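Novice: Questions regarding the structure given below will be posed in turn.
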Amino acid sequence: MRAKILQILPMYHQAGEAILQAGADVVRTDNLEAEHLQQMVRQVDGVVLRAPARLTREIIAANPRLKVISGAGVGLDNIDVATASAYRIPVLHAPSVNAVSTAEQALALMLALARQIKPFQAKMALGDFAARNVILTHELRGKTIGLVGFGQIARELAKRCRRGLDMEVVAYVRRIDQDKERAAAAFDVRLTTDLTVLLQEADVVSLHIPLTDETRHFFGREHFSLMKTTAYLINTARGAVLHTDDLIEALNNGTIAGAGLDVFDPEPPPPDLPLLTMPNVVVTPHIGGITEEANYITATTVARNVLRTLRGEKPEYIANPHVLSDQKKPN
């Protein structure tokens with residue numbers, strides 16, 4: 001008997017959907033209302049979803065016998081992993097598969113700020129070609145980028161900044177271990193456990209930390225005050241790791257020079273959010289990991305991993321591996 005999968009919203013690439021449909025019966029819904037999802041989840045063996053859909057405690061509890069839950073990509077902040085773990089439900093995702101795309105997005109935002117792309121485009125739209133003699137731009141060569149976090153995306157960005165742009169790279173980590181030391185040596189990155197030092201040194205600060213209860217609104221006024229007034233902030237992680245009001249204040253006051261943002265809190269952002277129209281801010285609609293190449297890899301990886309789990313095989317990329325060793329579920 002074929003397993004039944006609830007697919008909430010389209011996957012990132014049709015190739016992933018084709019793989020799921022070849023190995024299971026797939027029921028698709030775009031209705032994100034909680035009551036509807038509670039009803040739908042009762043009828044299936046597994047769930048695949050992507051943001052902005054959320055799998056809350058109540059929805060998961062509607063079918064504690066689910067065999068698998070999977071995000072459609074990297075992040076898991078839209079899935080109540082704790083509740084799934086309590087019911088011994090494997091929660092899957094696809095970490096690192098879009099690392100290159102996201103790193104390139106961060107790099108694009110950096111370059112747009114340094115070369116003043118947004119102000120120049122606005123001036124040229126008004127016929128002001130002479131702005132080239134007024135607005136100054138900057139090279140990134142020789143500048144220091146500070147990476148807050150040193151996961152796979154940060155490492156891909158470090159490689160491009162160090163080797164391609166001849167920048168100095170320093171990365172903040174809470175704890176230095178052998179894996180981080182090896183990666184730092186490979187990419188010629190200096191590690192530090194002192195965030196203050198990084199913020200004071202960096203010409204560009206790029207955020208690469210996951211969104212957790214601990215990191216929510218972690219980066220704010222205190223951190224901006226430590227940065228150079230000529231520094232740029234880049235965020236391709238999650239919007240909520242930043243304190244939005246503090247960022248707006250820092251930009252308005254000249255505490256920092258500019259920001260490049262691919263993520264917001266909330267998403268989508270309200271249309272009257274000042275960050276969307278500020279001349280020293282470059283924005284994109286959370287597209288860092290969304291390229292044709294990354295979409296294909298992400299969707300096919302997720303689909304194969306879900307089917308593998310439904311066959312009783314050990315999954316790759318599991319967020320709660322401890323559930324595999326204990327099959328007992330609460331009543």
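The values are calculated or read from the model by the stated rules, or taken from the named source; none is laboratory data. None of these values were measured; they are calculated from a predicted model. Heads up, the Cβs are rebuilt from the backbone with ideal geometry, glycines too, and the neighbour counts pull from every protein chain shown. In case anyone asks, the SASA skips ligands and DNA or RNA and just uses the protein heavy atoms, side chains included. Shrake-Rupley method; radii C 1.70, N 1.55, O 1.52, S 1.80 Å.
Novice: Round to the nearest 10 and give me the degree value, 0 to 90, for the angle of helix 14-23's Cα axis relative to the longest principal axis of the chain.
Specialist: Orientation of helix 14-23: about 20 degrees from the principal axis.
Novice: To continue, here is another question. Long-range amide H contacts for Val283: which residues qualify at under 5 Å (H placed 1.01 Å from N, peptide plane, sequence gap of 5 or more or a different chain)?
Specialist: Amide H to amide H, under 5 Å and 5 or more residues apart or across chains, Val283 pairs with Leu261.
Novice: Starting from the Cα of Asn133, step 7 Å along the direction of its Cβ; do the same at Gln39; then give the gap between the two resulting points in nm.
Specialist: Here the answer is 6.9 nm between the modelled labels.
Novice: Ok, one more. Read phi for every residue in segment 201-217 and hand back ³J(HN,Hα) as whole Hz from Karplus 6.51 cos²θ - 1.76 cosθ + 1.60, θ = phi - 60°, with x for Gly and Pro.
Specialist: Coupling constants for segment 201-217: 8, 6, 8, 9, 10, 10, 8, 9, 10, x, 8, 9, 4, 6, 9, 4, 6 Hz.
Novice: With a probe of 1.4 Å, find how much accessible area segment 115-235 has per residue, and write the answer as a whole number in Å². Before the final figure, lay out each step's value.
Specialist: On the way: 6740 Å² over 121 residues.
Here the residues of segment 115-235 average 56 Å² of exposed surface.
Novice: Separate question: Expressed as a rounded percentage, what relative contact order does segment 54-177 have, with Cα pairs under 8 Å and six or more residues apart?
Specialist: 20
Novice: Can you list the residues, at least 5 places off or on another chain, whose amide H is less than 5 Å from the amide H of Val47, using H built in the peptide plane?
Specialist: Hits under the 5 Å cutoff: Leu6, Val68, Ile69, Ser70.
Novice: A follow-up question, please. In vacuo Debye scattering of segment 172-273, one point per C-alpha: log10 I(q)/I(0) at q = 0.11 Å⁻¹?
Specialist: Here log10 of I(q) over I(0) equals -0.36.
Novice: Spelling out what I want: for every residue of segment 88-100, take phi, set θ = phi - 60°, compute 6.51 cos²θ - 1.76 cosθ + 1.60 (Karplus), and round to whole Hz; glycine and proline get x.
Specialist: Once rounded to whole Hz, the list reads 6, 9, x, 10, 10, 7, 9, x, 6, 5, 10, 4, 5.
Novice: Here is a follow-up. Please calculate the 1.4 Å probe accessible area of Ile79, with all protein chains present, and give it to the nearest 10 Å².
Specialist: 10
Novice: Between Thr212 and Ile287, take the C-beta separation as r, use R0 = 30 Å, and let me know the FRET efficiency to the nearest 0.05.
Specialist: After rounding, the FRET efficiency stands at 0.85.
Novice: Distance in nm between label sites at Val197 and Arg308, each 7 Å beyond Cα in the beta-carbon direction?
Specialist: 3.9
Novice: Within the set Lys67/Lys159; Lys118/Lys159; Lys118/Lys143; Lys118/Lys228; Lys123/Lys228; Lys4/Lys180, which residue pairs have Cα atoms separated by over 31 Å?
Specialist: Lys67/Lys159; Lys4/Lys180
Novice: Return, ordered by residue number, the residues of segment 218-240 whose backbone nitrogen is under 12 Å from a label point located 7 Å along Cα→Cβ of Glu267.
Specialist: Flagged as within label range: 236-240.
Novice: I'd like the distance separating the alpha-carbon centroids of segment 160-174 and segment 210-279, in whole Å.
Specialist: Answer, in whole Å: 21.
Novice: For Ser325 and Leu276 in one chain, what is 0.36 nm times their gap in residues minus the Cα-Cα distance, to one decimal in nm?
Specialist: This chain segment gains 12.9 nm when fully extended.
Novice: Next question, about the same structure. Find how much the distance from Asp177 to Asp30 grows on full extension, using 0.36 nm per residue of separation minus their present alpha carbon separation; answer in nm with one decimal.
Specialist: Here the answer is 48.7 nm.
Novice: Any chance you could give the angle, 0 to 90 degrees and rounded to 10, that helix 178-187 forms with the longest Cα principal axis of the chain?
Specialist: Tilt relative to the chain: about 50 degrees.
Novice: Positive end of the dipole of segment 118-195, charges at C-beta (+1 Lys, Arg; -1 Asp, Glu), about the Cα centre: which of Ile176, Leu165, Ala130 has its Cα farthest in that direction?
Specialist: Positive-end residue among those listed: Ala130.
Novice: For Arg141 and Ser225 in one chain, what is 0.36 nm times their gap in residues minus the Cα-Cα distance, to one decimal in nm?
Specialist: Using 0.36 nm per residue and subtracting the Cα-Cα distance, I get 27.8 nm.
Novice: What's the longest uninterrupted piece of the chain once you rule out the GluC sites (Glu not before Pro) that are loop residues per DSSP with at most 14 other Cβ within 10 Å? List each step's numbers first, then the result.
Specialist: Working: sites that count: Glu33, Glu139, Glu214, Glu313, Glu316.
Longest stretch, sites excluded: 34-138.
Novice: Quick one: helix 292-310 against the long Cα principal axis of the chain, what's the angle to the nearest 10°, folded into 0 to 90?
Specialist: 30
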